[in-house]
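To keep things clear, I will list the structure first and then write my remarks on it.
The values are calculated or read from the model by the stated rules, or taken from the named source; none is laboratory data. The shown structure was predicted, so the numbers you read here are calculated from the model rather than taken from an experiment. Cβ coordinates were reconstructed from backbone atoms using ideal geometry, including for glycine residues, and neighbour counts include every protein chain displayed. The accessibility values were calculated without ligands, DNA or RNA, using every heavy atom of the protein model including side chains. Shrake-Rupley method; radii C 1.70, N 1.55, O 1.52, S 1.80 Å.
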Amino acid sequence: MKMLGADAILRSLEAEGVDIVFGIPGGAILPTYDAFARGTTVRHVLARHEQGAGHMAQGYARASGRVGVALATSGPGATNLVTPIADAWMDSTPLVCLTGQVRSSLIGTDAFQECDITGITIPIVKHSWLVQDVDEIAAVMKAAFHIARTGRCGPVLVDIPRDVQEAELDFSYPDEVDLPGWRPPRRGHPRQIREAARWVAEAERPVLYVGGGTINADACGELKDLAESGRLPVITTLMGKGAFPETHELFAGWPGMHGPKWSNWAMNKADLLVACGARFDDRVTGKLAGFAPGASVVHLDIDAAEIGKLRNADVPVVGPLKQVLRDLGSELRRLHEGDTARRYDGWVDQIFEWRDEFPLRYSTDGELVKPQAVMESLQAATADRDNVIWTTGVGQHQMWAMQYLLCDEPRRFVTSGGLGTMGYGVPAAVGAKAAQPDATVVCVDGDGCFQMTGSELATSVMEDLPIIVAIINNGYLGMVHQWQNLFYDDRLSQVHLTHAVPDYAKLAEAYGALGIMVDERSQVDDAIDQALNAGRTTVIDFRVDPREQCYPMIPAGAAALELIEFEEGAETEGVRAL
Amino acid sequence: MRHTLSVHVENKSGVLMRITSLFVRRGFNIESLAVGPTERPDVSRVTMRIDCSQHSLEQIEKQMHKLVNVLRVSELGPGEAIERELLLVKVTAPPDRRAELMSLGDVFHARVIDLGPDALIFEVVGTPEELESFEELVRPHGIKELVRTGRIGLGRASAKPDAGRRLALIR
């Protein structure tokens, strides 16, 4: 069918089943926006900043499991997408970014709003294309979606010059991709899986160390079967949060820098780690040489490059986790033959003794609202709701959210793990709401994070994508404050933001949202109830105790067992989070 | 430790930058790089010489495999592959020194491809080590200019069919 390149872009999106894209128009992408005006089934959500559009697409992808799509113009529009692209690269989020480019004849001439975005993004994309011929559009779009979601998920970028959008082509969408160099593993090797099962069966203290790859692989059901059939304790990383039900009897918490002491003990005293779509990130391992020193490693991953990258794998299995975990489960059941399945019970009991011995603790001293108490209230108020999606920024509030908000299902905790992108929370929440309109979407944010992307409240309000933003407002760049407090003799340098500027409740009102300020403990529950029942975008400004630090903590570069614990004061709350 | 990698790639724009960015990111210098066509018009071959640890090399090989335009990565191990390089060198050659230089060239099967009143240009093909020897021998005569193509290589025909160590990917 004859059409313009711009229309071909939209027809390609439709053919891929894309229902929604997030973007901002500009000069070089104008022809494509004109195609939107001509009509399409694809909904366009107008962001206020391209970074917001990118994080929305990420939030959409993480909440739905589908590919997120962001759209921007050339030059600054494209460079504003760089942070979301890098974030999606680190967290393996399937993302297709479409950018306009200046006309082909102007490329390389320093034209207005020209930048080499394919060049800039080379280290942080799975692949990218500068479309030089209108006839390539369909094949490139097909390949872009295919690559974003196959193998290890991640971002791709398609840069389309304005004249290519304006040129005419005879459009037909291909059924197949032609990518001879793209061959993601299709199947884990049966011999390796049998070997892995043998190691698990022979272990005394095994732990399933589960990362975000398990969620990306849609393998959480297989994980649960494996854990239950072997009665194996499960630890999930920040990115893996929700891959295994956090109220399950075999759930053993979260590892790493701010994981509970008992979870880190379980991880580090294990004799076998079965890494499932996890990558031995330094925030999980602490000092690598001191990490789980007595453990052998079975490493299951779709990405061969993760095997042996940081920690040697005794048994590597490269393949799609859905199949690998399923086969590992049935192999383990065969080895156990039913009757030996309870052999780890002593180990599992030990872990839960540690859990009872070392619960998360915080001080209840003074009058101020405690951030951890806000988390507990949020958890309690939403516990009976079926479909709650949490998003976060990055910092102390994110770690408290990990510790106190429980997720029983995957895709309910949307956060920036690898890149640690402050400002991720609000736009990710908007994207998650777009993906799951029936969900209650709550962004737990910091005051520092909120100020980076809070303008996307406008998108939330204007696009009828209502979210709740719970700002844990301690008036500081809290995690930096914590590091300065602990490691720089409390010399605070450029971390004070103040509680009151801006006035977040008033700011919310200015955006047409509901704004609630909470500075007394007695107001916390009412404010949360009000927000949950408001039916519109609501910002709660929780003015919390600025001296509250996030514990436990493994200092950067220290071994996991050298963690810093909360020192009990006069009045403390011992919380068994699980 | 030095390694020679041979990378089959789709003949498309940007491939070289994607490959080299994997080295740049880690701060590794590429000592020699040669890119050219192969027996298939749609496939090019990149031959690169790198100084890095075995562990880093394996990481980079695996990362390279993930690049969409990369078809195959193999290491040309010493003994398993033939490596050659071409050198052009312009040497000071007044008439009274020409004979000496040309007999030197004969030892290395070097061809004189240009001759001027006070200089000549040698073309030498050989292993990179042979070229280095030749370079040292002509240096006292005065090298005006010198350029090398960077090494290229093929797995030996006499070795097993797929000579050169292919990355052992467990799949």
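For A:LEU169, indicate whether it is open to solvent by less than 50 Å² (accessible area, probe 1.4 Å), over 23 Å from the mean Cα position of the chain (by Cα) and without any contact (Cβ under 8 Å) to a residue 60 or more places away in the chain. Show your work before the answer.
Values: open to solvent by less than 50 Å² (accessible area, probe 1.4 Å): yes; over 23 Å from the mean Cα position of the chain (by Cα): yes; without any contact (Cβ under 8 Å) to a residue 60 or more places away in the chain: no.
The answer is no for A:LEU169.
Summed over segment A:459-495, residues that are out of contact with any His (no Cβ under 8 Å at 6 or more places or on another chain) and either without any contact (Cβ under 8 Å) to a residue 40 or more places away in the chain or among the β-branched types (Val, Ile, Thr) (or both) total 16. Which members of segment A:276-310 meet the condition of being small (Gly, Ala, Ser) and assigned to a strand (DSSP E or B)? A:GLY286, A:SER296, listed by residue number.
Considering each of A:ARG186, A:ARG205 in turn, give the residue that is farther than 30 Å from A:ALA35 by Cα, in contact with an Asp or Glu (Cβ under 9 Å, 6 or more places away or on another chain) and of a type outside the set (Val, Ile, Thr). Just one listed residue meets the conditions, A:ARG205.
Residues in segment A:1-40 that are of a type in the set (S, T, N, Q) and over 28 Å from the mean Cα position of the chain (by Cα) were compared, and the one that is farthest from A:PHE112 (Cα to Cα) is A:THR40. Filtered by the rule that a residue be buried (at least 23 other Cβ atoms within 10 Å of the Cβ) and either within 21 Å of A:GLN350 (Cα to Cα) or outside the structural domain of A:LEU325 (by TED's automatic domain parsing) (or both), segment A:233-250 gives A:PRO233, A:VAL234, A:ILE235, A:THR236, A:THR237, A:PHE244. Of everything in segment A:316-346 that is open to solvent by less than 40 Å² (accessible area, probe 1.4 Å) and among the aliphatic types (A, V, I, L, M), the residue that is modelled with the lowest pLDDT is A:ALA341. Taking segment A:262-301 as the range and being over 28 Å from A:ILE564 (Cβ atoms) and surrounded by fewer than 24 Cβ atoms within 10 Å (Cβ to Cβ) as the test, only A:SER296 passes.
In the set (1) away from chain B (no Cβ under 14 Å); (2) touching a Pro at 6+ places or on another chain (Cβ under 8 Å); (3) more than 30 Å from A:GLU562 (Cα to Cα), the condition left unmet by A:GLY329 is number (2). Taking the stated definitions as given, is A:GLU456 of a type in the set (Asp, Glu) and either part of a helix (DSSP H, G or I) or without any contact (Cβ under 8 Å) to a residue 40 or more places away in the chain (or both)? Considered against the rule, which asks whether it is of a type in the set (Asp, Glu) and either part of a helix (DSSP H, G or I) or without any contact (Cβ under 8 Å) to a residue 40 or more places away in the chain (or both), A:GLU456 comes out as yes.
Scanning segment A:29-60 for residues that are open to solvent by 20 Å² or more (accessible area, probe 1.4 Å), under 13 Å from A:LEU71 (Cα atoms) and not in a helix (DSSP H, G or I) yields A:ARG43, A:HIS44, A:LEU46, A:ARG48, A:HIS49. Taking segment A:139-251 as the region of interest, the strands (runs of 3 or more DSSP E) fully inside it that hold 2 or more residues being within 14 Å of chain B (Cβ to nearest Cβ) and in contact with a Cys (Cβ under 7 Å, 6 or more places away or on another chain) are A:155-161.
Apart from one condition, A:ALA380 fits all of (1) assigned to a helix (DSSP H, G or I); (2) open to solvent by less than 40 Å² (accessible area, probe 1.4 Å); the exception is (2).
Looking across segment A:497-523 at every residue that is among the hydroxyl-bearing types (Ser, Thr, Tyr) and buried (at least 16 other Cβ atoms within 10 Å of the Cβ), the one that is nearest to A:LYS370 (Cα to Cα) is identified as A:TYR504.
Here is a yes/no grid of residues against (1) of a type in the set (A, V, I, L, M, F, W, C); (2) at pLDDT 95 or above:
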| position | (1), (2) |
| --- | --- |
| A:GLY154 | no, yes |
| A:ARG162 | no, yes |
| A:ASP178 | no, no |
| A:TRP182 | yes, yes |
| A:ARG191 | no, yes |
| A:GLU195 | no, yes |
| A:TYR209 | no, yes |
| A:CYS220 | yes, yes |
| A:ASP225 | no, yes |
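Residues that are under 14 Å from B:LEU88 (Cα atoms) number at least 2 in the following strands (runs of 3 or more DSSP E) confined to segment B:112-160: B:119-126, B:143-148. Among the candidates B:LEU87, B:LEU16, B:LEU76, the residue that is farther than 30 Å from A:LEU310 by Cα and touching a strand residue (DSSP E or B) at 6+ places or on another chain (Cβ under 9 Å) is uniquely B:LEU87. Filtered by the rule that a residue be surrounded by 13 or more Cβ atoms within 10 Å (Cβ to Cβ) and outside any strand (DSSP E or B), segment B:39-52 gives a lone residue, B:CYS52.
Only a single item in (1) small (Gly, Ala, Ser); (2) open to solvent by less than 30 Å² (accessible area, probe 1.4 Å); (3) part of a helix (DSSP H, G or I) is not met by A:ALA313, and it is number (3).
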